[in-house]
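Participant: What follows is a structure written as structure tokens; I'll ask about it next.
The values are calculated or read from the model by the stated rules, or taken from the named source; none is laboratory data. Here the structure is a predicted model, which is why all the values come from computation and not from measurement. Glycine gets a Cβ as well: all are built from the backbone with ideal geometry, and neighbour counts include every protein chain shown. The area values use the complete protein model at the heavy-atom level, side chains included, leaving out ligands, DNA and RNA. Shrake-Rupley method; radii C 1.70, N 1.55, O 1.52, S 1.80 Å.
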Amino acid sequence: MHPAFSVLFLTTLIGAGQGLFLALFTGQIFQQFKLMPEQHEPDFYVIGSAVSVALLLIGLFASFFHLGRPERAWRSAAQWRTSWLSREVIALPITMFAIAAYGAAHYFGLTHALFFTPGGTGIDATLLLGLFATIATYALFVCTGMIYGCIRFLQEWHTPLTVINFILLGTASGFTIATALSAWMGTELTHFYASWAIFFTLTAFVFRIASMIRNRKIKPKSDMNSAIGVRHSGVQQKAQGSMCGSFNTREYFHGKKATFVTTIKYIFIFLAFLTPLVLLIMSLGISSGESIFVVSLFAAIAQYLGLLAERWYFFADARHPQNLYYQQVS
Amino acid sequence: MVDKNPYDANPTGTFFNRVQTFEIGTYPKTETVHFPKSCLHCEEPPCVPVCPTGASYKREEDGIVLVDYDKCIGCKYCSWACPYGARELDEQQKVMKKCTLCVDRIYDESLPEEERKPACVMSCPTSARLFGDVHDEDSEVSIAIRENGGYQLMPEWGTKPANHYLPRRKTRIKIHEDELERVDNPLSKEERKRHNAPGEGPSLDDMTSW
Ligand code: SF4
Ligand code: SF4
């Protein structure tokens, strides 16, 4: 498939935004349920939510460039019963509002307990809003992943690994950004986030490699014989119905050499996984100050660029059966 | 239907029906297959449920798959979900286009009844295309599919295209080598020489059977 930059930015940015929110909420939960010493950093949640919403907004903005008729985009919420794309269009603003509400609740200090759990933990408005936003975030992850995962003709995408990878890659990048953010604001949470970011980056790495191994073994279901219905091993295309390019040659081919695709693969393995892992492990050894911010910022930037490359590869890797009809002009 | 840069570099356009050419086998044992490709109006169209706006739809009454150009947002998602590459984005109107089965022609009552057919069927000089109801067992198309081995493209995906293709037709005769020359030809030169020996000439019984 042809990797469109609008979609690369959309999926990576909203993934990072969702991951960042999950990081914020994880931090809050750990503190509120006394799994680690409590700190009072409302600013961190407010700014974190703002960054998360900003990422989602830029992603949404990028997605408009993918549409031929963006002015009609509102119509795309209509078919949520059957279309994952439609479901994403609904889930995205809900997630955005939920995260914004979560940030606003922190901003207005809605942290007095509304009721108590039997264990004596106070449940406040931020926790409830955060819970709702978490559900919305996961719903959005599933919708985004399923847009690609549900198309059975693209066998490279038609696997639960697609959804799992969208969740893991988004979460990993979000936790890395949270590490950088918390280092910048000088909160005590930096090492906590760095450890989680290492965990998610490693897990995402394992699952991404798993999907690449799976895809290497794929046997295309369709071949020239079933495409034109002539049983012969030597079917060659001589004409495609026009001498020049068409939508079919532009949309479904990445148009790059195999070596370029392989290079991108190594770039994303290096930038999205190895570099941030090394930098994050380094950051664990730094107690505080400027340097931990610089290290974690580089980790976040490298990982984001790596994820852009990863998404490029994700598209380029998928072979559409329609390509059988567009092999050569000659 | 857009026709972009028709006389310039990189011309491009939207096609409802592309006639492609394939070569089968290696020279000198080759055959050329011309292969028209359009939307196949699948009975289980995977392109329809994925459309977020409902612009792509399959008509209840006749099964024709259409795009509502006023609703389409040009997200191209439906084209990913068609294994045949039948859908093409119109580069000027920025909406998805594909074969409509000439839905405007086939129901046009101002046309004489025999002309209420898709333009491609009407114009094919060799009548290679047939048009009719695949659900009516006695229609011309159903009979052709049944009797002449009509098949569907990429049946492995379960899309059940309504459009079928008929196998190429060839006239073949089978001749064995010994059929090229009669072994028992009494009129051959050799036979005549042999039979013309005195007393061994052919009698009427050799030439006819009573
Ligand atoms: S051929 Fe393609 S566009 Fe036409 S109905 Fe089937 S899946 Fe849809
Ligand atoms: S391009 Fe148009 S018809 Fe196709 S899925 Fe998008 S809105 Fe529907």
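Participant: I need two numbers for the range B:3-157: Rg to one decimal and Dmax as a whole number, Cα atoms only, in Å.
Facilitator: Spelled out, the Cα radius of gyration and Dmax of the range B:3-157 are 17.4, 52 Å.
Participant: Please report, ordered by residue number, every helix of chain A (full DSSP H runs) that is 20 Å or longer along its axis going by C-alpha atoms and whose mean Kyte-Doolittle hydropathy reaches -0.5.
Facilitator: Long hydrophobic helices here: A:5-32, A:42-64, A:84-107, A:125-149, A:160-185, A:190-216, A:290-317.
Participant: Accessible area lost on pairing B with A, both sides, 1.4 Å probe, Å² to nearest 100?
Facilitator: 4600
Participant: In the range B:154-184, which residues give up 40 Å² or more of accessible area once the other protein chains are added, compared with their chain alone (1.4 Å probe)?
Facilitator: B:MET154, B:GLU156, B:TRP157
Participant: Follow-up. Report the charge-dipole magnitude of the range B:3-157 in Debye, nearest 20, computed about the Cα centre from +1 at each Lys and Arg Cβ and -1 at each Asp and Glu Cβ.
Facilitator: 820
Participant: With unit charges on the beta carbon (Lys/Arg positive, Asp/Glu negative), name the residue among A:GLY289, A:TYR138, A:SER211 whose Cα is farthest towards the positive pole of the charge dipole of chain A.
Facilitator: The residue sitting farthest along the positive end of the dipole is A:SER211.
Participant: Please give the contour-minus-distance gain from A:THR259 to A:LEU131: 0.36 nm per residue of separation, less the Cα-Cα distance, rounded to one decimal in nm.
Facilitator: Net length gain for the segment: 41.6 nm.
Participant: Along the Cα-to-C-beta direction of A:THR117, a point sits 7 Å from the Cα; which residues of the range A:129-148 have their amide N less than 19 Å from that point?
Facilitator: A:129-136
Participant: R0 = 22 Å: FRET efficiency of B:ARG105 with B:VAL19, Cβ-based, nearest 0.05?
Facilitator: 0.65
Participant: Points 7 angstrom from Cα along the Cβ direction at A:TRP74 and A:ARG216: gap in nanometres?
Facilitator: About 5.0 nm separates the two model spin labels.
Participant: So how far, in whole Å, is the C-alpha centre of the range A:164-240 from the one of the range A:80-132?
Facilitator: Each part's Cα centre sits 28 Å from the other's.
Participant: Hey, if you put +1 on the Cβ of every Lys and Arg and -1 on every Asp and Glu Cβ in chain A, which of A:PRO37, A:VAL278, A:GLN237 ends up farthest toward the positive end of that dipole?
Facilitator: Looking along the dipole axis, the top candidate is A:GLN237.
Participant: Under a straight-distance cross-link criterion of Cα-Cα below 22 Å, which lysines are reachable from B:LYS189, leaving out those fewer than 8 residues away in the same chain?
Facilitator: none
Participant: What distance in nm lies between label points placed 7 Å from Cα along the C-beta direction at A:SER233 and B:GLU190?
Facilitator: Simple spin-label model gives 4.3 nm for this pair.
Participant: With charges only on Cβ, +1 for K and R and -1 for D and E, what is the dipole size of the range B:108-179 about its Cα centre, in debye, rounded to 20?
Facilitator: Once rounded to the nearest 20, the dipole reads 440 debye.
Participant: When the accessible area of chain B is split by element with a 1.4 Å probe, what percent falls to carbon and sulfur?
Facilitator: Of all accessible area on chain B, carbon and sulfur atoms account for 50 percent.
Participant: How much length, in nm to one decimal, is gained on full extension between A:SER291 and A:VAL278, taken as 0.36 nm per residue of separation minus their Cα-Cα distance?
Facilitator: Gain on extension, A:SER291 to A:VAL278, equals 3.2 nm.
Participant: With +1 assigned to the C-beta of every Lys and Arg and -1 to the C-beta of every Asp and Glu, and no other charges, what is the dipole magnitude of the range A:1-94 about the Cα centre in debye, to the nearest 20?
Facilitator: Charge dipole of the range A:1-94: 520 debye, to the nearest 20.
Participant: Could you sort out which of B:LYS58/B:LYS117; A:LYS238/B:LYS71; B:LYS117/B:LYS160; A:LYS219/B:LYS71; B:LYS4/B:LYS71; A:LYS256/B:LYS4 sit more than 27 Å apart by Cα distance in this structure?
Facilitator: A:LYS238/B:LYS71; A:LYS219/B:LYS71
Participant: Another one. In Å², what does the accessible area per residue of the protein assembly as shown work out to with a 1.4 Å probe?
Facilitator: 51
Participant: In nm, give the distance between the simple-model label positions of A:CYS244 and A:ILE90, each being 7 Å from the Cα along the Cα-to-Cβ direction.
Facilitator: Distance between label points: 4.3 nm.
Participant: Same structure again: Provide the FRET efficiency to the nearest 0.05 for the B:THR30-B:ILE143 pair, computing r from the beta carbons and using R0 = 30 Å.
Facilitator: The value I calculate is 0.40.
Participant: Set the Förster distance to 25 Å, then compute FRET efficiency between B:MET122 and B:LYS174 from the Cβ-Cβ distance, nearest 0.05.
Facilitator: 0.10
Participant: Choose one of A:PRO70, B:SER188, B:TYR107: the residue whose Cα lies farthest towards the positive end of the charge dipole of the protein assembly as shown (beta-carbon charges +1 Lys, Arg; -1 Asp, Glu; about the Cα centre).
Facilitator: Most positive-ward Cα: A:PRO70.
Participant: D for the protein assembly as shown, whole µm²/s, Stokes-Einstein with Kirkwood Rh over alpha-carbon pairs at 25 °C and 0.890 mPa s: what number?
Facilitator: Calculated translational D: 89 µm²/s.
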